[in-house]
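Here the structure comes first, spelled out in structure tokens, and everything after it is commentary.
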Amino acid sequence: MTDSVKSLPLTLMPDAILQMQTQIVDDVTSVETQSLIDQMFVTMKVEHGVGLAATQIGLSLRLAVIDADGQKFTLINPVIIKKSDERITFPEGCLSIPGKEFEIIRHEKIVVRYLDRTGKTCKIKLKGFLAVVFQHEIDHLDGIVIAHRYKEQADLRRDLNL
Ligand SMILES: [Zn+2]
């Protein structure tokens, strides 16, 4: 990554693009997609995020980057293929909702299938914080932000006595 890669302006709530389903990425190894991924990593770093979805820079694509727990991931067309019954609750922030945190209930363990930036199919088992970050970013790709999740989980919080 070179210094010439510029960070991109963030899309903030209630921008409509944050609330839309995104499109499959089918040109993973194209110059455009590769330079977009570089720009997303730079933007995430500049904004001090642990994850950034394409919708957060105004693009309707199933693409997100993550830098959490000392590990970097590029998630292209990710799908959660397994979810544990055990739950984890964590105060989550979002670059698109500055200054706010929401206690979101997530699956404690998940298995995700995705393409990495070389187009290789990957399958990864995650738990705890990394599982939370992956679920947060994959929610973005389905047009769901934490403010929606929080509202939707009112009954679940009551059932779990939270
Ligand atoms: Zn977010």
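Coordinate-derived values only; no laboratory data. Since this is a predicted model, take the numbers as computed values, not measurements. When we count neighbours, we look across all protein chains shown, and the Cβ atoms used for this are built from the backbone with ideal geometry, even at glycine.
Each residue of segment 20-31 was assigned a 3J(HN,Hα) from its phi angle through the Karplus expression (A = 6.51, B = -1.76, C = 1.60, θ = phi - 60°), giving 10, 5, 9, 8, 4, 8, 10, 10, 3, 8, 5, 4 Hz with x at Gly and Pro. Beta bridges from DSSP with both residues in the chain: antiparallel share about 95 percent, rounded to the nearest 5.
Return the subset of K45/K125; K6/K82; K6/K100; K6/K109 for which the Cα-Cα distance in this structure is over 32 Å, preserving the input order. Beyond 32 Å between Cα atoms: K6/K82; K6/K109. A simple rule links phi to the HN-Hα coupling: the Karplus curve 6.51 cos²θ - 1.76 cosθ + 1.60 with θ = phi - 60°, which for segment 114-126 gives 7, 9, 7, 6, 8, x, 6, 6, 10, 10, 9, 9, 10 Hz, with x for Gly and Pro. Sorting 22-35, 131-144, 39-52 by average packing, meaning the other beta carbons within 10 Å per residue, from highest down gives 131-144, 39-52, 22-35. Residue separation of E103 and S60 scaled by 0.36 nm, minus their Cα-Cα distance, works out to 12.9 nm of gained length. Each peptide in 107-116, 59-68 receives the mean, over its residues, of other Cβ atoms within 10 Å, and ordering these scores from highest gives 59-68, 107-116.
Our helix-only sum for the chain, with -39,500 (n - 2.57) per DSSP H run of n ≥ 4 divided by its residues, gives a mean residue ellipticity at 222 nm of -7500 deg cm²/dmol. For a label point 7 Å from the Cα of Q21 along Cα→C-beta, name the residues of segment 122-149 whose backbone N is under 12 Å from it. So the set is 142-143. Which of the three applies to segment 14-123, rounded, prolate or oblate, going by the alpha-carbon gyration tensor with a ≥ b ≥ c and a/c under 1.5 meaning rounded? Oblate. Think of each Lys and Arg Cβ as +1 and each Asp and Glu Cβ as -1; about the Cα centre, that makes the dipole of the chain roughly 440 debye. Across segment 65-79, coupling constants 3J(HN,Hα) worked out from phi with the 6.51/-1.76/1.60 Karplus curve, θ = phi - 60°, read 10, 9, 9, 9, 6, x, 10, 10, 9, 10, 9, 10, 6, x, 9 Hz, and Gly and Pro carry x. With a simple spin-label model that places each label point 7 Å from the Cα along the Cα-to-Cβ direction, the separation between E32 and V79 comes to 2.5 nm.
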